[in-house]
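The values are calculated or read from the model by the stated rules, or taken from the named source; none is laboratory data. Please read all numbers here as calculations on a predicted model, not as lab measurements. As a convention, Cβ positions derive from the backbone with ideal geometry for all residues, glycine included, and neighbour counts pool all protein chains shown.
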Amino acid sequence: MKYRMLSTEELEVFEEDFKHFLIVNGVHSEEWEAMNLQQPDQALALVELFCDTVLHKVYEKLRFLELRTKESCLVFKMGPEEIDLISLSAKAGAEVDLSTPESIHQALVEKAGHLGFFRSKKRYNTERELEIHALIEQGCVPSTESYWDALNSVVEDDPQPN
């Protein structure tokens, strides 16, 4: 598998898509039922291929990811050739919470001096979608362009050295 198996709940959401996928691959409902009983490895291989196809399409559309903890907020812009990162982190000993949008806003307004800002770019080491998958497996969640733009304006306006 390239990515991962979808959960039962996720597969239920894509039930109609899976039926179309099977038809496109020349497997009709009776054949699918027989394959499940007589060739479970082949049936599993088709489900895995479907899961990879669905996740690949989702990852192709993702443009922003974020990872928040109490001590840091990382936001990634997933470009076609490279990843752009904005990182906010609490300076050593600072009592700052960066785990929610509200607490980040509060920290930026009330305790900006207790935050460190970092910006970086890097080219993908592997296929773009594989790197997105790896980031999601590490806990990243989809983010928005407006959130990226808001943090980007803070970092650009930051007079402190990084």
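Identify the single condition in (1) surrounded by 13 or more Cβ atoms within 10 Å (Cβ to Cβ); (2) assigned by TED's automatic domain parsing to the domain that holds Glu145; (3) not in a helix (DSSP H, G or I) that Lys2 does not satisfy, given that it satisfies every other one.
The single condition Lys2 does not satisfy is (2).
Would you say Leu98 is in a helix (DSSP H, G or I) and surrounded by 14 or more Cβ atoms within 10 Å (Cβ to Cβ)? Steps first, answer last, please.
Working: in a helix (DSSP H, G or I): no; surrounded by 14 or more Cβ atoms within 10 Å (Cβ to Cβ): yes.
It is false that Leu98 is in a helix (DSSP H, G or I) and surrounded by 14 or more Cβ atoms within 10 Å (Cβ to Cβ).
Could you tell me whether the stretch 40-47 includes any residue that is assigned to a loop (DSSP other than H, G, I, E, B) and over 19 Å from Ile136 (Cβ atoms)?
Initially, the stretch 40-47 is screened for residues assigned to a loop (DSSP other than H, G, I, E, B), giving none.
Among the residues of the stretch 40-47, not one is assigned to a loop (DSSP other than H, G, I, E, B) and over 19 Å from Ile136 (Cβ atoms), which makes the answer no.
Is the stretch 65-83 home to any residue that is crowded, with 17+ Cβ neighbours inside 10 Å, modelled with pLDDT of 95 or more and not in a strand (DSSP E or B)?
no
Can you pull out every residue in the stretch 17-63 that is crowded, with 16+ Cβ neighbours inside 10 Å, hydrophobic (A, V, I, L, M, F, W, C) and under 30 Å from Val75 (Cβ atoms)?
Cys51, Val54, Leu55, Leu62
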